[in-house]
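Taking it in order: structure first as structure tokens, then the write-up.
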Amino acid sequence: MTAGDTAGIVVVGASLAGLRGAEALRRNGYAGRLTIVGDEPHRPYDRPPLSKHVLSGELAPDATGLPELVALDAHWRLGHAATALDREARAITLADGTRLAYERLLIATGAQARPWPAASGGRLQNVFTLRSRDDAARLRTALAGAPRRVLIVGAGLIGCEAASCCRDLGLPVTLVDPNPTPLARSLGTWVGGVLVDCLRDAGVTFQAGAQVLRFEGDASGRVVRAQLADGRAVEADLVIVALGATRATDWLADAGLMADSRGVTCDGACRVLRADGTPCPDIYAAGDVARWPNALCGDRLMSVEHWGNAVAQSAQAARNMLAAAEDQQTYRHLPAFWSSQFGINIKAVGANAGADAVAIVQGTRASRRFLAVYGRAGRSVGAVSFDQARWLPAYAEAVAEGRAFPPIEEATDQGTFLAHAPGFPPARATFHPIGVRHG
Ligand SMILES: Cc1cc2nc3c(=O)[nH]c(=O)nc-3n(C[C@H](O)[C@H](O)[C@H](O)COP(=O)(O)OP(=O)(O)OC[C@H]3O[C@@H](n4cnc5c(N)ncnc54)[C@H](O)[C@@H]3O)c2cc1C
């Protein structure tokens, strides 16, 4: 593409992947017209602090802006959702009816918080989800109003981080999850058990193996309790629904692409696939919304909802958008995330789900400072550190190369490796509130 192209490149989604993708286009020499469309009114901001420093009140919601690392010279269309994509005409439609032509398109619309169904109390006052800066601002204000008891539904990363912040604020908290431990899907229950101890020590009431059926409100429409499937009730005047996210693909419903609530399916080079499975040469996707065959995980189709992937995948997509068809590079990514909760810095790499063994290679579970490696069929597939990240890069390399499990024997401080069953919950234990669609 050249500077003479009138329509130029359009990026839909003005957050981490959209911004870093746009920067990579400029960095790789693209000098043409660049338009960035976002449905939020804000310039790109960072989401990880929202469930940490913003909820705790240490950081103002509007202090989360992402730095622009390159002069973008972009046309920003903020506060305008894209509502449709016409591939034949190479144009997108915005909510106000405007049509925007493109030569190439980068889809970076991310994901949205899975809502609680309205019919089961999802519209009651003081029932919150947490995805955007505005969500965080509203929730922070409500927490500052000193609720009598906070109920958090879902003990994934955001649910646990929110529980940790609420306890730091001195608020009574009940955390409900259908699994026996927090983070059971990503870390398994053997490692997740450490977090059960953290919850107990922090004073969180953890209702494991429990499922919320509905929320009930008072005469003014404000939430007062949740009814559980086992007949118990949890009194709460503030609820945080933390049930993960669905990919923001509704606007692509009639575009003839492989796109649904699991994401926009791409080939290995981040080119979006048409419904017949062939790649569109002019449409790419990156970040939480993208689903692609990850060569580092056995070409398994996956979407990765973590910060590092949004940065790396958008950079790769941008390079490929400017390259000739024969020069498309495959995007390979080792999934990784971090989290801070209950004073512990957790870092993880790899794809642990489906692992059949886990072993501590540094530290101890009892001290809550350790590094554990996950294995599947004799290969290392993931690693997690609790306040023990020093060796994580070495294990990340071993995981990326699929080395034997357990790897790097000389790097351990353990006498012998004791492999345990990781305890990943069966699929049916996933939290499915009635009436909600799932990816
Ligand atoms: C509270 C929270 C805490 C997190 N903490 C961590 C962490 O500790 N570590 C970690 O690795 N990751 C964390 N993440 C995940 C990380 O923030 C995401 O992986 C990252 O934001 C993905 O970037 P993205 O640009 O792909 O998608 P998003 O950040 O979801 O951005 C997509 C943007 O597109 C917009 N959009 C959607 N549809 C349309 C449309 N039709 N038209 C126009 N615009 C549209 C959205 O409103 C949004 O602004 C956290 C996420 C959240 C929500």
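Meeting the requirement of 1 or more residues that are farther than 19 Å from Gly21 by Cβ, at pLDDT below 95 and not assigned by TED's automatic domain parsing to the domain that holds Ala351, the strands (runs of 3 or more DSSP E) wholly within region 214-313 are 300-302. Considering region 95-107, and only residues there that are open to solvent by 10 Å² or more (accessible area, probe 1.4 Å) and at negative phi, the residue that is farthest from the ligand (Cβ to nearest atom) turns out to be Glu103. Of the residues making up region 226-251, those that are crowded, with 19+ Cβ neighbours inside 10 Å, out of contact with any Pro (no Cβ under 6 Å at 6 or more places or on another chain) and over 30 Å from Val12 (Cα atoms) are Ala226, Val234, Ala236, Val239.
The strands (runs of 3 or more DSSP E) found wholly in region 1-87 and carrying at least 1 residues that are in contact (Cβ under 8 Å) with a residue 24 or more places away in the chain and open to solvent by less than 30 Å² (accessible area, probe 1.4 Å) occupy 9-12, 34-38, 82-86. So for region 395-408 (the condition being at pLDDT below 90, open to solvent by 80 Å² or more (accessible area, probe 1.4 Å) and within 26 Å of Ala295 (Cα to Cα)), does at least one residue qualify? Scanning region 395-408 turns up no residue that is at pLDDT below 90, open to solvent by 80 Å² or more (accessible area, probe 1.4 Å) and within 26 Å of Ala295 (Cα to Cα).
When you look at Ala366, is it more than 14 Å from the ligand (Cβ to nearest atom), free of Cβ contacts under 8 Å to residues at least 40 places away in the same chain and more than 17 Å from Asp288 (Cβ to Cβ), yes or no? Judged against the criteria, Ala366 is a match.
Among the residues making up region 193-217, a single one is touching a Ser or Thr at 6+ places or on another chain (Cβ under 6 Å) and more than 26 Å from Gly343 (Cα to Cα): Arg214. Among the residues of region 302-333, those that are among the aliphatic types (A, V, I, L, M) and either open to solvent by less than 30 Å² (accessible area, probe 1.4 Å) or more than 13 Å from the ligand (Cβ to nearest atom) (or both) comprise Met302, Val304, Ala310, Ala315, Ala317, Ala318, Met321, Leu322, Ala323, Ala324, Ala325. For region 116-153, the candidate set comprises residues that are within 16 Å of the ligand (Cβ to nearest atom), farther than 16 Å from Val176 by Cα and not in a helix (DSSP H, G or I); within that set, the residue that is most open to solvent (accessible area, probe 1.4 Å) is Arg131. Going through (1) at positive phi; (2) in contact with a strand residue (DSSP E or B) (Cβ under 9 Å, 6 or more places away or on another chain) one by one, Arg300 falls short only on (1).
Taking residues in region 386-403 that are without any contact (Cβ under 8 Å) to a residue 40 or more places away in the chain, and partners anywhere that are open to solvent by 40 Å² or more (accessible area, probe 1.4 Å), the pairs with Cβ atoms closer than 8 Å and at least 6 places apart or on different chains are Gln388/Arg369; Gly402/Arg379; Arg403/Arg379.
The values are calculated or read from the model by the stated rules, or taken from the named source; none is laboratory data. Computed from a predicted model, the values in this text were never measured in an experiment. When we count neighbours, we look across all protein chains shown, and the Cβ atoms used for this are built from the backbone with ideal geometry, even at glycine. Ligands, DNA and RNA are excluded from the accessible area calculation, which covers all protein heavy atoms including side chains. Shrake-Rupley method; radii C 1.70, N 1.55, O 1.52, S 1.80 Å.
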